[in-house]
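The values are calculated or read from the model by the stated rules, or taken from the named source; none is laboratory data. Since the model is a prediction, treat every value here as computed from it, not as a measurement. Here Cβ is always computed from backbone atoms with ideal geometry, including for glycine, and neighbour counts include all displayed protein chains.
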Amino acid sequence: MDNSLAIDIGASSGRHILGHLEDGKIVTEEIYRFPNLPDEIEGHYVWNTERLFAEILNGLKRAAEIGKIPSSVGIDTWAVDYALLDKDCKLIPPVFSYRDGRTEGVTDKLHSRIPFEELYSRTGIQFQPFNTVYQLYADKLSGRLQNAEHMLMLPDYFHFLLTGVMRQEYTNATSTGMVSALGHTWDEKIIEAAGLDKKLFRPLSQPGETVGEFSDEVAAAVGYRAKVILPATHDTASAVLAAPLSGVAPYISSGTWSLLGIEQPFAHTDKDSMSFNYSNEGSTNYSFRFQKNIMGLWMIQQVRHDLGDSYSFSELADLARANPTDIVVDANDGRFLAPESMLEEVHAAAGRQLTVGQTAYCIFNSLAKCYAQSLEELESITGEKYDTLYIIGGGCKNGLLNELTAKETGKRVVTGPSEATAIGNLVMQMTGKKQIKNKDEARELIRNSFDISEVVL
């Protein structure tokens, strides 16, 4: 049995999922899971990459313990964040989280050197204050780049720790706001405008390419050798690869963030796309995910945390269903990005105190309305009308949110698979190993292998 191992690390948790082909289906098994949240150190949100890599190794060891050693491994994470390495290839700490506020005021300074309109026309990447280009410019202004020789997005960094080989993978690189939408390579004008050294940027590698084998040190630690094959290392790119799309249809990758969009063979870099804050992020085979970031289930995750983690997510959904309210907030308001208390922030935006059930319903209903508005914008830009909306990722298990989304959008809503990111990661490894021919074959396999449901109102 030829196992592949997807290591899918999200901004709230990570998991190791084995997969193989059997009787025309993809069979998966979760073998390890661990929590992941940024640390707050001296007023900054940072990632503990040492701890994360230890968890990566723990999951690899688990595969050996259960006698299911993979022939290949690939890691995906969220986008935007990166590691800086010095001339000796040692980490320059800290590794900042995108939720850190260090780019405040930096965006305007960069825009004085290269206007956002030009950034967008060259890259097609929506404005977010935490985009990599702004983070790197903040590093430039603070002097953090003085000893930096390499910049690796987080999955690239972990792949380097596994193999000793440095690669910069295309889909995640596009999220930086520094890759040309036309040339599919680093945009030298943007790099120069930000005063960044070109040595930080390596030729871009495509999903499906082999990085290398486990180093001797890693092989000794986990008890075997395996190849590292690049998935689409941006988790949303992997998730969308697993969406059971039929033709051109909109999707929502629903998790900590909600990403709503369509796949396109070209980028939309016009003024309407910019004004609606849509992004053109790289996908496999140089296609694009034309999509919009929406705050997502981060809101309910943080409310749950504010309540002492005393409710499960299913309990919060049940309470919401039993306590509907007409109160709506702007789910995409920047106030919800990293508030001290999400519960208090929702109540402040609502203009009143709400019960737990009302708070949860307000969040789900507000998200559904935001989805509907974003879908209308998408149809306006593309000039198309879509009859079906696909929801993938962990959020597709939230029945109430799915129902509210179907109601607000007026679309047929199809849900699943829930572990879309890991599945997309696996099929890209299988493609690299010539077990799967292309994206169409992958999606047919996914439709035959996993629970795909239609929302009934």
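Summary table below
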{"item": "Every pair of residues 6+ apart whose Cβ atoms lie under 8 Å, when the first sits in the stretch 258-276 and is under 13 Å from I125 (Cα atoms) and without any contact (Cβ under 8 Å) to a residue 24 or more places away in the chain while the second is buried (at least 23 other Cβ atoms within 10 Å of the Cβ) and of a type in the set (D, E, K, R)", "result": "none"}
{"item": "Given (1) part of a strand (DSSP E or B); (2) modelled with pLDDT of 95 or more, number of the condition E40 does not satisfy", "result": "(2)"}
{"item": "Restricting the stretch 37-78 to residues that are among the acidic types (D, E) and surrounded by fewer than 18 Cβ atoms within 10 Å (Cβ to Cβ), the residue that is nearest to L426 (Cα to Cα)", "result": "E65"}
{"item": "Any hit, the stretch 356-366, residues being within 24 Å of the chain's Cα centre (by Cα), surrounded by fewer than 23 Cβ atoms within 10 Å (Cβ to Cβ) and in a helix (DSSP H, G or I)", "result": "no"}
{"item": "Matching residues, the stretch 1-20, being hydrophobic (A, V, I, L, M, F, W, C) and either touching a helix residue (DSSP H, G or I) at 6+ places or on another chain (Cβ under 6 Å) or part of a strand (DSSP E or B) (or both)", "result": "L5, A6, I7, I9, I17, L18"}
{"item": "Matching residues, the stretch 427-457, being in a loop (DSSP other than H, G, I, E, B), under 22 Å from the mean Cα position of the chain (by Cα) and among the β-branched types (V, I, T)", "result": "I452"}
{"item": "Number of positions in the stretch 255-267 that are crowded, with 24+ Cβ neighbours inside 10 Å and within 10 Å of the chain's Cα centre (by Cα)", "result": "3"}
{"item": "Criterion: surrounded by fewer than 18 Cβ atoms within 10 Å (Cβ to Cβ) and either of a type in the set (A, V, I, L, M) or at positive phi (or both) - qualifying residue of V218, V228, V179, V165", "result": "V165"}
{"item": "Test for D330: is it part of a loop (DSSP other than H, G, I, E, B), of a type in the set (D, E) and within 30 Å of I262 (Cα to Cα)", "result": "yes"}
{"item": "Search result, residues across the stretch 217-254 that are among the hydroxyl-bearing types (S, T, Y), farther than 23 Å from T409 by Cβ and more than 17 Å from the chain's Cα centre (by Cα)", "result": "Y224"}
{"item": "Selection within the stretch 25-59 - touching a Leu at 6+ places or on another chain (Cβ under 8 Å), within 18 Å of Y82 (Cα to Cα) and of a type in the set (S, T, N, Q)", "result": "N36, T49"}
{"item": "Cβ pairs under 6 Å, 6+ apart, first in the stretch 1-28 and under 17 Å from I69 (Cα atoms), second in a strand (DSSP E or B) and aromatic (F, W, Y)", "result": "H16/Y32"}
{"item": "Pairs where the first residue, in the stretch 72-96, is without any contact (Cβ under 8 Å) to a residue 12 or more places away in the chain and the second is acidic (D, E), C-beta under 9 Å, 6+ apart", "result": "D88/E149"}
{"item": "Considering residues of the stretch 396-426 that are part of a loop (DSSP other than H, G, I, E, B) and not basic (K, R) only, the residue farthest from E169 (Cα to Cα)", "result": "G410"}
{"item": "Residue within the stretch 123-141 that is outside any helix (DSSP H, G or I), of a type in the set (V, I, T), out of contact with any Cys (no Cβ under 6 Å at 6 or more places or on another chain) and closer than 22 Å to M274 by Cα present", "result": "yes"}
{"item": "Where L182 falls short, out of the listed (1) in a loop (DSSP other than H, G, I, E, B); (2) touching a residue at least 60 places away in the same chain (Cβ under 8 Å); (3) under 17 Å from the mean Cα position of the chain (by Cα)", "result": "(3)"}
{"item": "Residue match in the stretch 21-36 (condition: outside any strand (DSSP E or B) and surrounded by 15 or more Cβ atoms within 10 Å (Cβ to Cβ))", "result": "yes"}
{"item": "Hits in the stretch 237-276 - residues which are under 16 Å from G393 (Cα atoms) and in a loop (DSSP other than H, G, I, E, B)", "result": "A242, A243, P244, L245, P250, G255, T256, W257"}
